[in-house]
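The values are calculated or read from the model by the stated rules, or taken from the named source; none is laboratory data. Remember, predicted model here, so these are calculated numbers, not experimental data. We place every Cβ from the backbone using ideal geometry, glycine too, and count neighbours over all the protein chains shown.
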Amino acid sequence: MGEEADESALVGPVQGKFCFKTKTDGSVDKSVVVCRLCNKEFAYHRSISSLKYHLNAKHVAASAEANGGPTPSKKTHSQPTLHQLTGFKSRVSKTTTEKMTNALAYWAALDCRPIAVVEDKGLERVLQIALSDTTYELPCRKTVIKRVQQLYDSEKGEKGNLLEKAECVAITGDHWTSISNANYLGVTAHFIDNKWRLHSFALTIKKITTRHFAENVAEDFESVTEDWEITQKVTTIGTDSARAMTAAMRQLTFQHMPCVAHLLQRTITVCLTDSGFTATLARCRKIVGHFKHSPSNTEELHKEQTQLGQDKEPLIQDVSTRWNSTLLMVSRLLKNQDAVKATLAKQKHKLTMLTTAEWDRLKRLETLLTPCRYVTELLGGENYVSCSVVLPALRHLTHTMAASDDDPAYVVKFKAAFEKDLSQREDALNHGWLRVATALDPRFKDLKCLPRGERGEVWTSIEALVQKEPGRATPEHSGEPARKRSLLLFNSDSESEDEDWPKGALARYRAEPTIGERDCPLQWWSTHDRAHPQLSALARKYLGSPATSVPCERLFSLAGNIVQKKRAALSSENVNRLVCLSNWLKEKEK
């Protein structure tokens, strides 16, 4: 191809971009033109439309220059995509986008994430990669807030339906002060449904503007039960033993269930304050503080732990309001005793190290407090039956706190103070309810946790309760067909219905073999409720009450994660909505 090829016939935007083809003999073939940019040949019949199309499709920059427009950047040298030409912003379908928005709302509610998370560019980038769409955009805050509200309404409706079907409901309540110094009342519900499943979830975390007088507290509880329409179903209210709470419970028709965890907290705190461990614990706090207040000291401790083949773990400082933190402090010190000694021996300080006798005291204290920790953790659960375990657990503590001949004087003093204080505080418990619950638990129905002389009284009270139970009237007055009465009394050895009711029913239940302490009483009742129909309703009622108000404490921990410094301005309605919704979703995830 020669440069001198004539191109006078090529005019307009293609001039200078194409030339006629030069033959091998040097002559010019004006029926064929060649692109100067890519050497592609085209047939030419005095029309340049195909040549212009070639420039627009393959040489965008040259086309723009030929037309007198701005030269595009190198990033636009490729043919525009269909999405760019049509203006589409998202390749994902509308259905997928809706699912993503609902999932974001669910995530924010479940894990207590602030709604502002939808403004995070990093999250948007992650979703773009996951969806293989770099144009995906997160929904706005208003959209997510709307979805959270819809989710709350839906979950609240489900909880309302569960409460409507429940025969009996136990509640717990306590007060909490937020970081913005606002006071809230937290209330949780607990019940066993017809399929012998234990439910436990939040009802509300309600802002309180009145003082904690007994009358006001009682009205607050009544308003919550009325809002959820369970006033006639509430059996017990579990609270701490504060004077205002105790006085408020006397004004309500519901039975009061004092928190056993708070009872143990007060007993152990009193015994630790007035015991032979006071001076030793004070030295322990100084040693822990020596490491907690100095990162360099902690690093030296970690080096010693590594040399001894132990895990790198910091020491624990106890908190006066939680006795179990004292046990954790003692246990961690004993575990790292050698590392602490070696570290302090290399440092120049005025800290007095624990003596051999004091280390021995710590070991004895750990032995004394460990059963208390097990009992506290056992009774503080809300996903299993705990009310019937109170009396056996307290009797176990009383047995472990019995003084022996090998105990030194300070241990005998601690045990004596523990038994005395615990015995006095036990008087405040609802023994009538706890005894019936223990008897209706197939693990403890032998009532070995009670003195022999008191066991008969429990069964007499249960017999009276069976006769008063709604819908469980005696056969001769119930008006039920004879066939239905015979089904209720099957397997009976008695020839008389009068003799069989209700003593025969109790006798058949008491004759059942006890199950292991680790077995589930609800599972047992689910397979034996037809064999003992007179007692199944009572078991569902009495076993559904929690032993402590710890569920409210967990609710407040959740509220503390939501009402942070950056979110202290949340309205009380949003606090209630977010806390309850997160609690409900967590229960559903279990």
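Can you pull out the helices (runs of 4 or more DSSP H) entirely within the range 449-519 that have at least 2 residues that are within 30 Å of residue 400 (Cβ to Cβ), modelled with pLDDT of 50 or more and not polar (S, T, N, Q)?
452-468
May I ask you to list pairs of residues, at least six apart or on different chains, whose Cβ atoms are under 8 Å apart, with the first in the range 416-436 being surrounded by fewer than 14 Cβ atoms within 10 Å (Cβ to Cβ) and the second being in a helix (DSSP H, G or I) and not hydroxyl-bearing (Ser, Thr, Tyr)?
Between residues of the range 416-436 that are surrounded by fewer than 14 Cβ atoms within 10 Å (Cβ to Cβ) and residues that are in a helix (DSSP H, G or I) and not hydroxyl-bearing (Ser, Thr, Tyr), the close pairs are 428/263.
Can you find a residue that is free of Cβ contacts under 8 Å to residues at least 12 places away in the same chain and in a loop (DSSP other than H, G, I, E, B) anywhere in the range 544-554?
no
Considering each residue of the range 319-370, count those that are assigned to a strand (DSSP E or B) and in contact (Cβ under 8 Å) with a residue 24 or more places away in the chain, and give that number.
So the count comes out to 1.
Here is a check on your reading of the model: is residue 146 touching a strand residue (DSSP E or B) at 6+ places or on another chain (Cβ under 7 Å) and either on the phi > 0 side of the Ramachandran plot or basic (Lys, Arg) (or both)?
No; evaluated as a whole, the condition is false for this residue.
Out of the residues in the range 307-318 that are among the polar types (S, T, N, Q) and assigned to a loop (DSSP other than H, G, I, E, B), which is surrounded by the most Cβ atoms within 10 Å (Cβ to Cβ)?
Restricting to residues being among the polar types (S, T, N, Q) and assigned to a loop (DSSP other than H, G, I, E, B), the top hit is 317.
When the residues of the range 559-590 are narrowed to those that are surrounded by fewer than 19 Cβ atoms within 10 Å (Cβ to Cβ) and within 17 Å of residue 159 (Cβ to Cβ), which ends up modelled with the lowest pLDDT?
Selected residue: 590.
Consider residue 217 against the criteria (1) at pLDDT below 90; (2) part of a helix (DSSP H, G or I); (3) not charged (D, E, K, R): it satisfies all of them except one. Which criterion is unmet?
(1)
Return the only residue of 253, 235 being within 30 Å of residue 159 (Cα to Cα), crowded, with 19+ Cβ neighbours inside 10 Å and hydroxyl-bearing (Ser, Thr, Tyr).
Selected residue: 235, the only one of 253, 235 that is within 30 Å of residue 159 (Cα to Cα), crowded, with 19+ Cβ neighbours inside 10 Å and hydroxyl-bearing (Ser, Thr, Tyr).
Take the residues of the range 371-380 that are part of a helix (DSSP H, G or I) and not charged (D, E, K, R): which is surrounded by the fewest Cβ atoms within 10 Å (Cβ to Cβ)?
374
When you scan the range 515-524, how many residues do you find that are more than 27 Å from the chain's Cα centre (by Cα) and either free of Cβ contacts under 8 Å to residues at least 12 places away in the same chain or over 16 Å from residue 439 (Cβ atoms) (or both)?
Qualifying residue count for the region: 1.
Just to be sure I understand the filter: pairs with C-beta atoms under 9 Å, separated by 6 or more residues or on different chains, first member in the range 109-127 and assigned by TED's automatic domain parsing to the domain that holds residue 558, second member aromatic (Phe, Trp, Tyr). Which pairs pass?
109/152; 109/584; 113/107; 117/107; 124/136; 127/136
Mind checking whether some residue in the range 119-127 is touching an Asp or Glu at 6+ places or on another chain (Cβ under 8 Å), of a type outside the set (D, E, K, R) and surrounded by 13 or more Cβ atoms within 10 Å (Cβ to Cβ)?
No, the range 119-127 has no match at all.
Just need a number here: residues in the range 164-206 that are out of contact with any Ser or Thr (no Cβ under 8 Å at 6 or more places or on another chain), buried (at least 19 other Cβ atoms within 10 Å of the Cβ) and hydroxyl-bearing (Ser, Thr, Tyr).
Total satisfying the criteria: 2.
Can you pull out every residue in the range 1-25 that is at pLDDT below 80 and in a loop (DSSP other than H, G, I, E, B)?
Scanning the range 1-25 gives 1, 2, 3, 4, 5, 6, 7, 8, 9, 10, 11, 16.
Any residue in the range 139-154 that is within 16 Å of residue 119 (Cβ to Cβ) and in the same structural domain as residue 571 (by TED's automatic domain parsing) sitting within a Cβ distance under 8 Å of a residue that is of a type in the set (D, E, K, R) and part of a helix (DSSP H, G or I)? List the pairs, counting only those 6 or more apart or interchain.
Hits for this filter: 141/119; 148/577.
Might you check whether a residue that is of a type outside the set (Asp, Glu) and more than 30 Å from residue 436 (Cα to Cα) occurs anywhere in the range 525-545?
no
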